[in-house]
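Trainee: So that we are looking at the same thing, I have put the structure below in structure tokens.
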Amino acid sequence: MAVETVHYPKGVVQLQQMVKKELARSKTKWDFRDAVDLGLEIVEHIGVLAAPFYFTWGAFRVAVILYLVTLHLGISLSYHRNLSHKSFKLTKSLEYLFAYFGLHAAQGDPMFWVSIHRYHHQFTDTDRDPHSPIEGFWFSHMSWIFHHNYLKEKCGEPNNVMDLQKQAYYRFLRKTHLLHIVGLALLLYVVGGLPHLIWGMGVRIAVGHHSTFVVNSVCHIWGSRPWNTKDLSKNNWVMGLLGHGEGWHNNHHAFEFSARLGLEWWQLDVPWYILKLLAYLGLAKDVKVPTEIQKLKLSFKNTTQFDQLENSSTKSIY
């Protein structure tokens, strides 16, 4: 949605109302991509219903392995912490490999995912947030993915990912991402028949989708807020356990640059443990985490302590 200075004699309030009405109309317009996304969601959930009738331990193991690889390494570590927020640097070959894993989570190509997420942080819990519960729980959880025109009207063109747009690899993935997903589905079917296809694609992708979507919905409604972030983000311990560390969402909105989301020792964050191993092996560098002063500044509990620490630091300078 383009933002420009206008003159409207009836006032700003009326103009804002007109803009909201235009957005509401665009929300009802579906395009081919919306229909494809809806169709894919229906198919994967049919797979979930059929899964008990095609259960094998081999198919189950394949689903678990693919889930861990595509969600922990692909979405959380690559799409989110590395590409969206640049919380650390990987060797280029490892960066590309992890991004490819993320592609197979079926949440969009890297440029699409990163653009939406960066807009989410830019407009958190406002009318221009791509998926805020201020538009309803189900919109923030899932139905936003069926409204591409609406998202484009609200946020504008995906021109906030020029760092990825400049790289031929990400442009290639953007053009071909559905082919890769179909290719994996065919491979699973050839190797293990319907059980591998249903569990390795349908069940695994559906669980992965909802474990990501709950961060957008549940973690902006229910939970605790240790940090004064001026938005609706919450830490939800249940989602923290289920959502590959992403459920510590108030932590993330407080320190979006941080590669570590589970800031307390008891806050489970498996991608962070993987990243620590990669850093130890020399495969990751420039890993960012918040300092104690940064945490004191945003903590609801330690405002007084921060003021005292800041005063003492100022005195020491002179």
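Trainee: State the number of residues belonging to the range 108-150 that are buried (at least 21 other Cβ atoms within 10 Å of the Cβ) and among the acidic types (Asp, Glu).
Mentor: 2
Trainee: Got at least one residue in the range 89-107 being of a type in the set (D, E, K, R), open to solvent by 30 Å² or more (accessible area, probe 1.4 Å), in contact with a helix residue (DSSP H, G or I) (Cβ under 6 Å, 6 or more places away or on another chain) and within 29 Å of Thr229 (Cα to Cα)?
Mentor: no
Trainee: Report the residue count in the range 198-226 for those that are open to solvent by less than 40 Å² (accessible area, probe 1.4 Å), in a helix (DSSP H, G or I) and not aliphatic (A, V, I, L, M).
Mentor: 12
Trainee: Identify the single condition in (1) in contact (Cβ under 8 Å) with a residue 60 or more places away in the chain; (2) farther than 19 Å from Val214 by Cα that His141 does not satisfy, given that it satisfies every other one.
Mentor: Every listed condition holds for His141 apart from (2).
Trainee: Going through the range 91-115 one residue at a time, which ones are closer than 19 Å to Glu41 by Cα and among the hydrophobic types (A, V, I, L, M, F, W, C)? Even if it seems obvious, please write down each step before you answer.
Mentor: In the first step, residues of the range 91-115 are kept if they are closer than 19 Å to Glu41 by Cα; the result is 102-109, 112-113.
Leu103, Ala105, Ala106, Phe112, Trp113 - these are the residues of the range 91-115 that are closer than 19 Å to Glu41 by Cα and among the hydrophobic types (A, V, I, L, M, F, W, C).
Trainee: For the list (1) under 18 Å from Ala106 (Cα atoms); (2) surrounded by fewer than 14 Cβ atoms within 10 Å (Cβ to Cβ), I need the number of the one condition that Tyr189 fails.
Mentor: (2)
Trainee: Moving on to the next point. Find all pairs meeting these conditions: Cβ atoms under 6 angstrom apart; at least six residues apart or on different chains; first residue within the range 91-109 and more than 15 Å from Leu179 (Cα to Cα); second residue surrounded by fewer than 23 Cβ atoms within 10 Å (Cβ to Cβ) and of a type in the set (Phe, Trp, Tyr).
Mentor: Tyr96/Tyr169
Trainee: Would you point out the residue of the range 120-172, among those that are over 24 Å from Lys230 (Cα atoms), out of contact with any helix residue (DSSP H, G or I) (no Cβ under 7 Å at 6 or more places or on another chain) and outside any helix (DSSP H, G or I), that is modelled with the lowest pLDDT?
Mentor: The residue in question is Glu157.
The values are calculated or read from the model by the stated rules, or taken from the named source; none is laboratory data. All figures in this text were calculated on a predicted structure; none of them were measured in a lab. All Cβ positions, even for glycine, are placed from backbone atoms using ideal geometry, and neighbour counts span all protein chains on display. Note: accessible area is taken over every heavy atom of the protein model, side chains too, but ligands, DNA and RNA are not part of it. Shrake-Rupley method; radii C 1.70, N 1.55, O 1.52, S 1.80 Å.
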